[in-house]
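Asker: Once you've had a glance at the structure underneath, I'll fire off some questions.
Please treat every number below as a calculation from the coordinates, not as lab data. As the structure is a computational prediction, the values presented were derived from the model and not from experiment. Cβ: placed from backbone, ideal geometry, glycine included. Neighbour counts: every protein chain shown.
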Number of protein chains: 2
Amino acid sequence: MQDTHISLAHGNGGRFMRELIDEIFARHLANPGLDVQADAVPLAVNGSELLFTTDGFTVQPLEFPGGNIGTLAVHGTCNDLAVAGSTPRYLSLNAFIEEGLEIATLDRIIRSLAEAARDSGVQVVAGDTKVLRRGEGGGLYLATTGIGIRHPHHIGINRICSGDVLLVSGPVGDHGIAVMLAREAFGLHGELQSDAASVLPLTRTALDCAGLHFMRDPTRGGLATVCHELQRATGFGITLEQTQIPVRDAVQSVCDMLGYDPLYLACEGRVVAVVSADDADPLLQSWRALPQGEAAAIIGRLSQLHTHVLLKTALGGERILEELEDDPLPRIC
Amino acid sequence: MQDTHISLAHGNGGRFMRELIDEIFARHLANPGLDVQADAVPLAVNGSELLFTTDGFTVQPLEFPGGNIGTLAVHGTCNDLAVAGSTPRYLSLNAFIEEGLEIATLDRIIRSLAEAARDSGVQVVAGDTKVLRRGEGGGLYLATTGIGIRHPHHIGINRICSGDVLLVSGPVGDHGIAVMLAREAFGLHGELQSDAASVLPLTRTALDCAGLHFMRDPTRGGLATVCHELQRATGFGITLEQTQIPVRDAVQSVCDMLGYDPLYLACEGRVVAVVSADDADPLLQSWRALPQGEAAAIIGRLSQLHTHVLLKTALGGERILEELEDDPLPRIC
């Protein structure tokens, strides 16, 4: 790492963030239980099968179409447990509250956080609050840590095989664009809502599929970043079919206007599944039968024949999908 | 709660913070597993005896004599598990890093955090980092969530009896004053170090004592706040003997100069134990045999004959120790 000071690029889910985590956090904290690539890690306690995960939330604005920082904190952490193959059960909640925040705003956010927790079947059983001086807190930051009970069908990045197929459960980029539009700085307004929601119905269904090898939710850094993580961890190349990747027209329009690529934008209610070729169609049908999975699609394939993340374009060409470096939309989760 | 906006007093460990937590967090999040008074809560998973706790850290400056925000985060969370009667095992770590923080500073902090974790026998197994815009982060905020294995000797606030005795394991107020002096704004410098350290040797010894009913670490709000929490939870009055409460001369001098009361200042390596009268002396002797407990003392007693927190002064008088309202030293943890 060449830098001497932290920059916003260290927080965007891409290469700079990975280097920061590898060279400072992972290096000092190295222990057998720590896996910086995993959404959630198993805990070896009393033979029980617990998964453990944590997330911080700094989204701006605090409230946006389709959610707020509170619902995002619950869904973000529960979804990490869900895609790791478990049923979320317990959460802890840390709130860093800035002096001057309207108490009515805090009340709305915590009320909807509580509703999201009930809907997801988790209990918030531990919490802490700290108050930050005016100007030092962006209104509200949250950190949530979750515990889930592992499903008997164990999945993991090490189960992925050459020839496996990639599915996504719905359109990508909604959350990133919805939050960006809510900032109003762009003078754009639309009907677009964040996709922030529980993915539990999708992951439960997927875990019934014997050929399911791995799941991940494409949050910071989007679908492209998930593909790079898969590529690095497995060594297999990935080929995505651009025409098969679901993107809403409204999201694509804003992206075209502002020069974003929806493949790098955050989702907060989608699942990417890696599944054996034989089970890809059955899983697709199961997902499409769910309200959360109506627009699910088979979007690509892993192969040992190359080591890139490639995008087959609508025109039939192929281009390399680069790893995220610059942050297109900071502070979206 | 009368206020419409958050103020620093909502974060000081006193009455305003309690009202904020009761009226917003506890009200919306109410569930059988949530106990906002507990240092750590038991998790009902697979019959295993796990305790769960969480804390946020916003100390300024990030580094101070005797520790830094990283060691504080490990000790703070592990100590909450320890005083709740468990052996800490796993931690999650959230880092909110401000744009512009020197990477060398972050490296020092995370390195000493990792050392503190090793010394305390815990593994950091899950983590997340977020980068905050310059001016919106105070350099670094941390949130840690911990899991501990419960000791067979179950303690709890409901085990406290009238006639029980209060012990403290060492001098109070060191952490609060050490951090304040490190801010330099006061133009004072001294040899005083924070007491930030693991209390595990103290709590392990205490759990061997059959008459131990309850433990707590006097952090935000100090010893006086622990007494008010005990009074409210049990309904018993508490009488403290001022001459018996250990306070370092250096701490008392700064307090006299600046008008602070050491009983309201944070410790980060002390334990308050509530024990049956018969077991008070044996526990005192066991603690004094430990390097962490050399200055341990019997400092007071609970009684059903009144409902106040009283301080018997050096001159033989008695005064009511009020609940903390104004924040004498914000941002010390």
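Asker: For chain B, evaluate the Debye formula with one uniform point scatterer on each Cα (no solvent term) and list log10 I(q)/I(0) at q = 0.10, 0.14 Å⁻¹, rounded to two decimals.
Answerer: These q points yield log10 I(q)/I(0) values of -0.57, -1.18.
Asker: So for the pair residue A:244, residue B:154, with labels modelled 7 Å out along Cα→Cβ, what separation do we get in nm?
Answerer: Each label point lies 7 Å from its Cα, and together they span 5.4 nm.
Asker: Between residue B:258 and residue A:161, what is the label-point separation in nm under the 7 Å Cα-to-beta-carbon projection?
Answerer: Those two pseudo-labels are separated by 6.6 nm.
Asker: Report the GluC sites (Glu not before Pro) located in the stretch A:299-332 that are in a DSSP loop and have at most 11 other Cβ atoms inside 10 Å of their Cβ, or state none.
Answerer: A:325
Asker: How many angstrom lie between the Cα centre of the stretch B:97-125 and the Cα centre of the stretch A:149-176?
Answerer: When both Cα centres are located, 32 Å separates them.
Asker: Taking the Cβ of residue B:104 as the center, what net charge do the other residues with Cβ under 13 Å away carry, scoring Lys and Arg +1 and Asp and Glu -1?
Answerer: Values: positive: B:108, B:111; negative: A:3, A:23, B:63, B:102, B:107.
Net local charge, residue B:104 excluded: -3.
Asker: Separate question: Treating the beta-carbon of each Lys and Arg as +1 and of each Asp and Glu as -1, no other charges, what is the dipole magnitude of the protein assembly as shown about its Cα centre, to the nearest 20 debye?
Answerer: That gives a dipole near 840 debye.
Asker: Please work out the C-alpha center-to-center distance from the stretch B:12-56 to the stretch B:281-296 and express it in whole Å.
Answerer: With the stretch B:12-56 and the stretch B:281-296 each reduced to a Cα centre, they are spaced 31 Å.
Asker: Could you size up the charge dipole of chain B around its Cα centre, putting +1 on the beta carbon of Lys and Arg and -1 on that of Asp and Glu, and report it in debye to the nearest 20? Let's see the in-between values first.
Answerer: Numbers: 24 positive and 41 negative charges, 104 e Å.
Result for chain B is approximately 500 debye, rounded to the nearest 20.
Asker: Now, a different point. Given the stretch A:188-279, what whole percent of its Cα pairs are spread farther than 20 Å?
Answerer: Of all Cα-Cα distances in the stretch A:188-279, 44 percent exceed 20 Å.
Asker: What's the whole-number percent of alpha carbon pairs in the protein assembly as shown lying beyond 37 angstrom?
Answerer: Of the Cα pairs, 37 percent sit more than 37 Å apart.
Asker: Let me ask you something else. Do the sum for chain A: with -39,500 (n - 2.57) for every DSSP H run of n ≥ 4, divided by all residues, what is the mean residue ellipticity at 222 nm, to the nearest 500 deg cm²/dmol?
Answerer: -8500 deg cm²/dmol
Asker: Roughly speaking, what is the stretch gain from residue A:233 to residue A:326, that is 0.36 nm per residue apart minus the C-alpha to C-alpha distance, in nm to one decimal?
Answerer: 31.3 nm
Asker: For residue A:36 and residue B:115, FRET efficiency with R0 = 22 Å and r from the beta-carbon atoms, rounded to 0.05?
Answerer: Details: r = 19 Å, r/R0 = 0.87.
Here the calculated transfer efficiency is 0.70.
Asker: Further, regarding this structure: Please report the Cα spread of the stretch B:260-318 along all three principal axes, rounded to whole Å, starting with the longest.
Answerer: So the extents along the principal axes, rounded to whole Å, are 33, 32, 21.
Asker: In straight Cα distance, which lysines are under 18 Å from residue A:130, not counting same-chain residues fewer than 8 positions off?
Answerer: B:130
Asker: If the only charges are +1 at each Lys and Arg Cβ and -1 at each Asp and Glu Cβ, what is the size of the charge dipole of the stretch A:157-320 around the Cα centre, to the nearest 20 debye? Please list the in-between numbers first.
Answerer: Numbers: 12 positive and 18 negative charges, 76 e Å.
Dipole magnitude for the stretch A:157-320 comes out near 360 debye.
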